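> Take a look at the following structure, please.
Read the figures in this text as sums done on the coordinates, not as results from a lab. Only a predicted model underlies this, so the values are computations on that prediction, with no experimental measurement involved. Cβ: placed from backbone, ideal geometry, glycine included. Neighbour counts: every protein chain shown.
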């Protein structure tokens, strides 16, 4: 009995060594990302693998995983061994660090530009011809306008939408918190369906024909138009919006265990290279270095006033606590007797 | 005392195996839920599980599930009756159709129902002018729950009906009973335990349902959020403890309700002399 257990342990050991030897010869990197980046990272991974082969002679296998940003972060927290994460908002990565201890506190300083190699913003998607005449945030609260946005409690994208509206109202009303709250309450009262994620909201708006305007990430809106044909929808860019910074980070605890630290660093740094920037612009994200983008791609990004999460809300941790935690402003807006 | 010999191995091993199996499959996961939530103090626990949004979600989840199970009890009985008592072309096909809600991934059901009942859907476009909105309203939740719960009642009532001899009805009729009397006093008492089982299963399934409801509910706080969504919402905020607290309350309410219905079922079985 005892001997057979020992024998089995030995076998397992041999198998494990063989496996890790295999991994040594051909390194694997898992990038856990969120939904709308699927096509971008597919293209980027091909480019990076070629680049890595050329510079180091090593072959690398790049794996990607996509899903709602919150779900993806939870998967990593629950043990999915991501070498790098590329998610929708810093808060999700903060939480991974907080709950697993696999990331340093200052992870967002490890790469340039707040560790966000590409950005986006929040725009309006309206039906062709813009029948309700929606041009800016104020038009959203006009009577008879229905707004589609996901639930900020469950969707990272929806948090950007909410904060963009809040930021607009703040700026317009001389930083009056009360006015901002009133404005956002009004917007939420016009939302007939609160989907749990951004893709769900896009479906509700596009497939079900519900609502007059969809609050969406610019890259999602551009992608929708590209897929569904410009004859059905158009994008309206408001006078002011929020700078959405989807950040990237090495999950150091995992990378160390896998021995992929160098590779992970090179992978994320390559996002800032001319090739990475060009691809980001091609896949509808605003590049940090527009000079590397194809001018035709760059032309899709109109100039607008952008507030930042750090400037207007004091960072994600604070915004999350004030607005989206249980009992926060979002809950208060929906509390009974507050209609 | 004489030992009775049985076909299967004795009571001891059988019960032991049953309990072990039940513990691994059911009790262990549930115990982990309770352990996780025990990180909260009683006051915190109470605050989490009685927050207005959560309380509203209990009302919708349990209310809609009971209503859906009741609707399924009525129509499921009718369906089972038709399938057992009549012969018609395509009967086997209908019989197979009934199981579809079992097999279909619930998300598919949710998306299909939403497409039908939305403002621009096949059914929704006719209901909308009448002022009836189904998709993205609590009514939509009910529709989804009726859909997923249908097979339970049919499949529990059907075998009992098949065993039920026509002679009983004929005897009742020859003794002068009217149609209603025959149904009420002869048929229903026999079917009731099975019907209640079907009701219970449909109810239990509806309470736990997430996939299909989420697409059709609209998920507006205080109005159309179901309790499983509240749990997911808490998870999305990395509030594992809060999520398990709500899950625990759901488990308790479900358990009490199921116990009640099972008790009722035992009582009717006894009363109608079909005690096992």
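> Within the range A:217-233, is even one residue within 22 Å of residue B:117 (Cα to Cα), touching a residue at least 12 places away in the same chain (Cβ under 8 Å) and surrounded by 19 or more Cβ atoms within 10 Å (Cβ to Cβ)?
The answer is no; no qualifying residue exists.
> Taking residue A:116 as the residue in question, decide whether it is within 30 Å of residue A:145 (Cα to Cα) and crowded, with 17+ Cβ neighbours inside 10 Å. Talk me through it step by step, then tell me what you get.
Values: within 30 Å of residue A:145 (Cα to Cα): no; crowded, with 17+ Cβ neighbours inside 10 Å: yes.
When the stated conditions are applied, residue A:116 does not pass them.
> Considering only the range B:34-59, state which residues are within 14 Å of another protein chain (Cβ to nearest Cβ) and under 18 Å from residue B:206 (Cβ atoms).
The answer is B:56, B:57, B:59.
> Hey, can you tell me all the residues within the range A:192-207 that are assigned to a loop (DSSP other than H, G, I, E, B) and free of Cβ contacts under 8 Å to residues at least 12 places away in the same chain?
Here is the first cut: in the range A:192-207, the ones assigned to a loop (DSSP other than H, G, I, E, B) are A:192-197, A:207.
Result: A:207, single match.
> Further, regarding this structure: Could you list all residues from the range B:109-133 that are within 14 Å of another protein chain (Cβ to nearest Cβ) and in contact (Cβ under 8 Å) with a residue 60 or more places away in the chain?
Result: B:110, B:111, B:113, B:114, B:117.
> Let me ask something else about it. Go over the candidates A:198, A:216, A:221, A:244 one by one and state the one that is within 14 Å of another protein chain (Cβ to nearest Cβ) and under 25 Å from residue A:170 (Cβ atoms).
On the way: A:216 fails: within 14 Å of another protein chain (Cβ to nearest Cβ); A:221 fails: within 14 Å of another protein chain (Cβ to nearest Cβ); A:244 fails: within 14 Å of another protein chain (Cβ to nearest Cβ).
Residue meeting the stated conditions: A:198.
> Return the total of residues in the range A:36-88 being in contact (Cβ under 8 Å) with a residue 12 or more places away in the chain, in a helix (DSSP H, G or I) and out of contact with any helix residue (DSSP H, G or I) (no Cβ under 6 Å at 6 or more places or on another chain). If you could, list the steps in order and put the result at the bottom.
Step one: list which residues in the range A:36-88 are in contact (Cβ under 8 Å) with a residue 12 or more places away in the chain, which gives A:36-45, A:47-49, A:51-52, A:58-70, A:72-73, A:75-77, A:80-88.
So of that shortlist, the ones also in a helix (DSSP H, G or I) come out as A:36-45, A:47-49, A:51-52, A:69-70, A:72-73, A:75-77.
Filter again for out of contact with any helix residue (DSSP H, G or I) (no Cβ under 6 Å at 6 or more places or on another chain), leaving A:37-42, A:45, A:49, A:51-52, A:72, A:75.
The qualifying residues number 12.
> Examine the range B:141-159 for a residue that is crowded, with 20+ Cβ neighbours inside 10 Å, part of a helix (DSSP H, G or I) and within 14 Å of chain A (Cβ to nearest Cβ), and state whether such a residue exists.
yes
> Further question: Inside the range A:281-339, counting only helices (runs of 4 or more DSSP H) that do not spill past its ends, which hold 2 or more residues that are under 19 Å from the mean Cα position of the chain (by Cα) and either within 14 Å of chain B (Cβ to nearest Cβ) or farther than 24 Å from residue A:156 by Cβ (or both)? Before you say what the answer is, go through the steps one by one.
Values: elements: A:295-298, A:309-313, A:316-319, A:329-334.
Of the helices (runs of 4 or more DSSP H) lying wholly inside the range A:281-339, those with at least 2 residues that are under 19 Å from the mean Cα position of the chain (by Cα) and either within 14 Å of chain B (Cβ to nearest Cβ) or farther than 24 Å from residue A:156 by Cβ (or both) span A:316-319.
> Could you grab me the full set of residues in the range B:81-108 that are in contact (Cβ under 8 Å) with a residue 60 or more places away in the chain and either within 17 Å of the chain's Cα centre (by Cα) or assigned to a loop (DSSP other than H, G, I, E, B) (or both)?
Answer for the range B:81-108, where residues must be in contact (Cβ under 8 Å) with a residue 60 or more places away in the chain and either within 17 Å of the chain's Cα centre (by Cα) or assigned to a loop (DSSP other than H, G, I, E, B) (or both): B:105, B:106.
> Then there's this: Give the number of residues within the range B:207-227 that are surrounded by fewer than 24 Cβ atoms within 10 Å (Cβ to Cβ) and within 11 Å of another protein chain (Cβ to nearest Cβ).
Number satisfying all stated conditions: 5.
> Restricting attention to the range A:133-159, and to residues there that are in a helix (DSSP H, G or I) and closer than 15 Å to residue A:202 by Cα, which single residue is farthest from the chain's Cα centre (by Cα)? Before the answer, list the steps.
The first filter runs over the range A:133-159 and keeps only residues in a helix (DSSP H, G or I), leaving A:137-140, A:156-159.
Right, trim to closer than 15 Å to residue A:202 by Cα and you get A:156-158.
Details: A:156: 7, A:157: 7, A:158: 11 Å.
My answer is A:158.
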